[in-house]
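Quick notes on the structure that follows.
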Amino acid sequence: MSPFWLSYLPVAIILSSLLPGLIIFTLKEQQVKLRISLNLLGVSVKLILVLIMWQAVKAGDIFYFSLPFLPGADLVLQGDALSLLFVVLSSVVWLATAIYAIGYLENSPLRSRFFGYFSLCVSATVGLALSGNLVSFLLFYELLTLATFPLVVHRGTPQSLAAGRRYLAYTLSGGLLLLTGVALLHSVVQSPQFIPGGYVSAVVSEHAMLLKLAFALMIGGLGVKAALLPLHGWLPQAMVAPAPVSALLHAVAVVKAGAFGIIRLVYDVFGVDSMQQLQLAEPLMLLAAATILYGSWRALAQQDIKRRLAYSTISQVSYITVGVAMLGPLAAVGGVVHLVHQGVMKITLFFCAGNYAETLGVHKIRELNGAGRRMPLTSAAFTLAALGMIGIPPSAGFISKWYLGLGAVATDNNLMLMVFVLSGLLNAGYFLPIVYRLWFLPQRGSWPQEQRLSASLETHWMLLLPMLFTALLIILMGLFASTGVSPLSWAQLIVEREFSYD
């Protein structure tokens, strides 16, 4: 590939959603076709550019763009294997969510504002994924907060405004913690490019306490978006947002940004050796393990569908952190691939929740009795995603948890094995009763607020198609996990490069 594209393709990928988003802000509400066309154009161009970069990175090319920004800290974009995993997830999920949101918000006001911020959100997420150093990551991390806030408060109700204020308070506080940690680290080693094995090893003996403090501050900042205990409080409250926003927050844009940042911090800033020398891995692992069990336990008590899914997210995303913190290659594969697998499974669940709400007016779990007969495709997709979250083969969730379990065995970590087993039982405890209600209980009277959104289908086709697409991916990523194009094979490539540095 030419030097020009090796430098500017990362920029083009960010602009492919940013430019359409800026134009969408200027459109009138009545310009529906133009708004939809710009959305789908941005999706298509981004996917094409991402596939080009994916092929090149697989062949060994390195994408690098640098712009002077601060003394000793340039604005850097890079395309490596880890960033591509997150960028591909973001692009595919954006495609599904864009189509879903067009159908979901068909008769809603302020659609130009919504889709404008929606595109900015994706641009910030992709920029974060392609960031080549901590300063660049921090910049896009804060832009993501600002881009997602208007989506959380989109409905303008007192409940959504309160949730938005809470979200902003948490995420801006987390950003301040991250900024302080980055500044401390910068004072010792500046902000070089992310590299496998990290770059702090040369100063570990001289600045051990400062490095520990910087790490703790950065984990605190990243832990807000990753919903680690006790920084998770914003996430259940944000469920008042429209279903496409909830899907985006949980599947890729916010919680995954925090988890992705933790992967970068552990492997490409500190590195396995420095993590072991500074004894940072075990506290992080225990914190994530506690979050897994806490989220699962709280999910059991939730009667609102989206709130139960929110606490499930708190639990499931921490599997990524646990996999990384165990500092073994098998566990790392499980954690890294769960970044993708959990995203696809969780977005399917939120699509299903949105379908029940829009079509039947159903928001509570007790109202789902017999919904499998009224909405069989939606209920089948929910069942498939729920079984995947539990870890039932041959779903994508089974692949993630299999490798996490192998990693625990390989490192003689019996505690984490117990956590995985207990969490799996809790997952079954809060998902299987919903599945039972869908298929085996009779409907209770009429639906709360039923709408006939399609003459021949169970709901609007734009609500069905994205859901069926992501549900199909859950099975394909499990059945074809051993193929060269699967997320698992890409995660193995990432971990091989992270653990084979000199």
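Laid out as a table, the results:
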{"quantity": "Matching residues in region 158-192 - criterion: being among the β-branched types (Val, Ile, Thr) and out of contact with any His (no Cβ under 7 Å at 6 or more places or on another chain)", "calculated": "171, 180, 182, 189"}
{"quantity": "Flag for residue 344 being in contact with a Pro (Cβ under 7 Å, 6 or more places away or on another chain) and crowded, with 24+ Cβ neighbours inside 10 Å", "calculated": "no"}
{"quantity": "Selected residue (only one of 119, 83 is over 22 Å from residue 31 (Cα atoms), of a type in the set (Gly, Ala, Ser) and either crowded, with 21+ Cβ neighbours inside 10 Å or in contact with a strand residue (DSSP E or B) (Cβ under 6 Å, 6 or more places away or on another chain) (or both))", "calculated": "83"}
{"quantity": "Region 117-152, subset assigned to a helix (DSSP H, G or I) and polar (S, T, N, Q), residue farthest from residue 17 (Cα to Cα)", "calculated": "136"}
{"quantity": "Restricting region 369-389 to residues that are touching a residue at least 60 places away in the same chain (Cβ under 8 Å) and under 22 Å from residue 425 (Cβ atoms), the residue that is surrounded by the most Cβ atoms within 10 Å (Cβ to Cβ)", "calculated": "388"}
{"quantity": "Selection status of residue 201, closer than 30 Å to residue 363 by Cβ, among the polar types (S, T, N, Q) and in contact (Cβ under 8 Å) with a residue 24 or more places away in the chain", "calculated": "no"}
{"quantity": "Subset tally (residues that are closer than 27 Å to residue 81 by Cβ and modelled with pLDDT of 90 or more) for region 189-231", "calculated": "12"}
{"quantity": "Condition met for residue 248 (part of a helix (DSSP H, G or I), within 30 Å of residue 458 (Cβ to Cβ) and touching a Cys at 6+ places or on another chain (Cβ under 8 Å))", "calculated": "yes"}
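So that you can scan it fast, the table gives a plain yes or no per residue for (1) of a type in the set (Val, Ile, Thr); (2) assigned to a helix (DSSP H, G or I); (3) in contact with a Ser or Thr (Cβ under 8 Å, 6 or more places away or on another chain); (4) without any contact (Cβ under 8 Å) to a residue 24 or more places away in the chain:
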| residue | (1), (2), (3), (4) |
| --- | --- |
| 6 | no, yes, no, no |
| 16 | no, yes, no, no |
| 47 | no, yes, yes, no |
| 64 | no, no, yes, no |
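The values are calculated or read from the model by the stated rules, or taken from the named source; none is laboratory data. These figures come from a predicted structure and were not determined experimentally. Cβ atoms come from the backbone with ideal geometry, glycine included; neighbour counts cover every protein chain shown.
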